[in-house]
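J.: Please read through the structure below; I'll follow up with questions.
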Amino acid sequence: MITLAVLAFEGAVVRRSTDAAAPPLLVRGVEATLAELRRRGVRVALVCEGSHDVGTRLLDRLGWSVSEDLRAPRSVDAVVAVDDVASAPPAPFAVHHAMELTGTLDVRQVLVAGDSIAMLEAGRAAGAGWIVGVLSGSARRPELESVPHDAILSDLNDLLALAVPAAPAR
């Protein structure tokens, strides 16, 4: 059973941009996907490549928040940034910190999804039950296939079709 989805914010949830001034662009349909995951009882944590302040600003620019209230629109359960942990992915600390922030006790119930080898390796190093590559970011299929994974998807929206058992609805 999956109780926590740890997702790479840049590349998997928002499209990567070389222009820091440009507003973040959501991967099409991902807002509804994240809301459905939360409705199904799966907590959602985002892992940011930048500082916590940068991650918070990105969320604000999207009109999103961190909230445990499942009815809160456009919200996630936690945000983990590189300055929140001792080492960034591929180290497992971001996954473990997301577990800590969401009260997730069993790493086998964690799904890690990202668009980089480092994020997939972080999931594997953490002992996550499911490791999923997504092609909506910078890495291409051959790169993601070169590391252990359970699935490679076109984008996060395909998570809902995976045969991954979700937690009972909260």
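J.: Top mean-square fluctuation among A94, A122, A72, Gaussian network model of the chain, C-alpha springs under 10 Å?
T.: Highest fluctuation of the listed residues: A72.
J.: Hey, can you find the accessible area per residue of segment 32-155 for me, probe 1.4 Å, expressed in square angstrom?
T.: That works out to 45 Å² for each residue.
J.: Where does the chain land on the Kirkwood hydrodynamic radius, alpha-carbon pairs, in angstrom?
T.: Numbers: mean 1/r = 0.0647 Å⁻¹.
For the chain, inverting the mean 1/r across all distinct Cα pairs yields 15.5 Å.
J.: Percent of accessible area on the chain owned by carbon and sulfur, 1.4 Å probe?
T.: Exposed carbon and sulfur together represent 54 percent of the surface.
J.: Computed from the mean reciprocal separation of all distinct C-alpha pairs, what Kirkwood hydrodynamic radius does segment 79-149 have, in Å? All intermediate terms of the calculation are to be shown ahead of the outcome.
T.: Working: mean 1/r = 0.0829 Å⁻¹.
In segment 79-149 this quantity evaluates to 12.1 Å.
J.: Moving on. Taking the full set of protein chains and a 1.4 angstrom probe, give the accessible area of S75 in square angstrom, rounded to the nearest 10.
T.: Spelled out: S75, probe radius 1.4 Å, area about 10 Å².
J.: Here's another thing I want to ask about it. Quick one: P(r) of segment 49-104 from all Cα-Cα pairs, 5 Å bins, percents rounded to integers, in order of increasing distance.
T.: Bin by bin from 0 Å, the calculated values are 4, 20, 25, 24, 18, 8, 1.
J.: Going 7 Å from the Cα of L160 in the Cα-to-Cβ direction, what parts of segment 32-73 have a backbone nitrogen less than 15 Å from that spot?
T.: Correct set: 32-42.
J.: If you don't mind, there's one more thing I want to ask. Once you've got the GNM for the chain with C-alpha springs shorter than 10 Å, pick whichever of G129, G114, G63 has the biggest mean-square fluctuation.
T.: G63
The values are calculated or read from the model by the stated rules, or taken from the named source; none is laboratory data. Keep in mind that this is a model prediction, so the values were computed, not measured. Note: ideal-geometry Cβ built from the backbone for every residue, glycine included; neighbour counts use all protein chains shown. These accessible areas exclude ligands, DNA and RNA; they are computed on the full protein's heavy atoms, side chains included. Shrake-Rupley method; radii C 1.70, N 1.55, O 1.52, S 1.80 Å.
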